[in-house]
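The values are calculated or read from the model by the stated rules, or taken from the named source; none is laboratory data. What you see is a predicted model, and the numbers here were worked out from it, not measured in a lab. Counting neighbours? That spans all protein chains shown, and the Cβs are built from the backbone with ideal geometry, glycine included. To get the accessible areas, we keep the full protein, side chains included, count just its heavy atoms, and leave off ligands, DNA and RNA. Shrake-Rupley method; radii C 1.70, N 1.55, O 1.52, S 1.80 Å.
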Amino acid sequence: MQLKPYQIIRDEDYNDAKIVIKASDFEGVSFQDGRMTFSFINCHFTKLKIENDEAIEFPNIYIQFTDCFIGEIKVDKITTTNLSIFFGSSILDGQIKNENLKSVTVNNCLLNNSLFLLNLKNVTVSYTEENIVPHRWTRIYYKYGKPVVDFLKVKQSFYIYDCEDIIFTVNEKEVKDENNADNCLTDEVKKKIEISLNLKYSADREHKLTKIINAKLLALSISGYSTGELLIENSEIDNWYIHNFSTQLGATFYNIRPFRKESEEKKLEIRESNLDKVWFDNFAFDDYSTISLYRNKFGQTTFTACDFPNDYKDFGKIQTIENIHYPDKKDKNYFKTRYEVFLQFRKLLEASGNFYEAQKFHAVSNEALMNVENLPFWDRQILKINSSSNNHGLSIKEPFIATVFISIAFYLLYLLSLGRLFASTSFDWNLFGYYFSFLDITHRSDFLVKKEELNGFALTIDYLNKIIIGFLIYQFIAAFRKYGKK
């Protein structure tokens, strides 16, 4: 198929089409700034190839597909460096791979299955609600005998590998009435459109900047060594998979949480990655149902304003398994690895001054340590006692309540041993005041009666009270000073 510059083709059907762009097509043609060089509107392609085997002396060449259905597209033979391809409000599938292409833009498009964008200079995938017109999609659906619901059921996957500049963004508009026919992207519809994004980087390729802004994704996968910068901000992502990833210029993950919160499958997996220059800012770790951290190097990883679980039971969602899809497959050092991962988080949070979250990881790391098989018996008992007495230095509630109830029980036994409880004589109301003297672990043994009136049972109770209450007071003070520790 040969095209004439600034030609618009409408409402055509093609089975197996090939667009060949030649330098001779532009002879005697004046460049018109602001116009698409070639335009296809409301066209159907069963298969489509775009080829070019020579450099073209023309300022910019744009190919536009609007409201089109492209069953399979293939672009890999491009020589000229001034060619850009634009897809708008279309349905497509296939592969575009060529480092000479100036840019590829995909706006408000749905995929039959997947779109591979490989080795490109500039990629932009966007969903902009301000220019989505419902009847444009509907016309494509019904023209080819496929209702809207059929496309919404398809899991759509973008594979973007080794592209220099990547932008993936969703620009939403405020919806006042979701029943309005002019609004085709209600929250219910957005949750049905299941989009996955797979990013892969190779160390021998040049990468400049990857930006994912305000995205709503079913899954995001990131792997490889990026020589550029990665920014993911204000996005809702149900499932994260970061494998063998590292970055030269750093990565920032800001304001991240799941999109489909009612879904049971909300996973975050970071495996065998170097997170030395990664910043997690306002990241809702607690909203994910399962988190796997396996054989990672954290280095100078930064965590700020992140939401972590609040107790050890909730921390059970953080695991150290090789494959998050097989949670029962654990290696023999599972608990030891988990303990060391929690220690790394604790140190990183302390370094950033976040002692509140650091204390949590201190507690859960000790809980994980208790499950290490070869831990000495007495070390395990120490950890169990600290866990129950003040939750490893986090809680003042347990030692306070234990101090009150245990001291009262010992005091009643003490009075009973001295015959001052349930005696036939009238009750001595001063015994209430003496309770506070008994509570003072430095009190003398004859604070209540003379030494000759004491017996062995009373002295034993008094001695045990001083030991146990002294320990609980220490645990109370230790927990009370948790924010004063250096």
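Points to keep in mind about this one:
- Annotation: amide H of Asn274 within the under-5 Å range of Phe245, Ser246, Lys297, sequence separation 5 or more or interchain, hydrogens built in the peptide plane.
- The value obtained for region 344-486, namely the Cα convex hull volume divided by the number of residues, is 133 Å³ per residue.
- Within-13-Å neighbourhood charge of Leu439 [Cβ basis; K, R +1; D, E -1]: -1
- Normalised by residue count, region 53-136 yields a Cα convex hull volume of 92 Å³ per residue.
- If you wrap the Cα atoms of region 1-101 in a convex hull and average its projected area over all directions, you get 5.7 nm².
- Over the chain, accessible surface divided per residue gives 50 Å², non-protein components excluded, 1.4 Å probe.
- For region 319-399, the spread of Cα positions along the three principal axes, ordered from largest to smallest, is 39, 34, 18 Å.
- Under the convention that each Lys and Arg Cβ holds +1 and each Asp and Glu Cβ holds -1, the size of the dipole of region 255-307 around its Cα centre is about 180 debye.
- Global geometry of region 251-368, whether rounded, prolate or oblate, following the gyration tensor of its Cα atoms and the 1.5 cut on a/c: rounded
- Over the chain, the reciprocal of the mean inverse Cα-Cα separation, the Kirkwood hydrodynamic radius, stands at 27.6 Å.
- FRET efficiency estimate (nearest 0.05) - Cβ-Cβ, Met1 to Lys155, R0 35 angstrom: 0.65
- Residues in region 396-412 carry Karplus couplings, in order, of 8, 5, 4, x, 5, 5, 5, 4, 5, 6, 5, 5, 5, 4, 5, 5, 5 Hz; the curve used is 6.51 cos²θ - 1.76 cosθ + 1.60 with θ = phi - 60°, and Gly or Pro positions show x.
- Across region 2-17, rounded Karplus estimates of 3J(HN,Hα) from the backbone phi angles (6.51 cos²θ - 1.76 cosθ + 1.60, θ = phi - 60°) give 10, 10, 9, x, 6, 8, 10, 10, 10, 6, 10, 10, 10, 7, 10, 10 Hz, Gly and Pro being marked x.
- For region 339-413 versus region 70-135, the spacing of their alpha-carbon centroids is 55 Å.
- Count Lys and Arg as plus one, Asp and Glu as minus one, and take only other residues whose Cβ is under 10 Å from that of Asn100; the net charge is then +2.
- Of Asn465, Asn391, Pro376, farthest towards positive along the dipole that unit charges on Lys, Arg, Asp, Glu beta carbons give region 358-481: Asn391
- The angle between the Cα long axis of helix 377-390 and the longest principal axis of the Cα atoms of the chain comes to about 90 degrees, rounded to the nearest 10.
- Around the Cα centre of the chain, unit charges on the Cβ atoms of Lys, Arg, Asp and Glu (plus for the first two, minus for the last two) sum to a dipole of about 1160 debye.
- Heavy atoms of Phe457 accessible to a 1.4 Å probe, total area in Å² rounded to 10: 120
- Per-residue SASA entry for Tyr434, accessible area with 1.4 Å probe, Å² rounded to 10: 80
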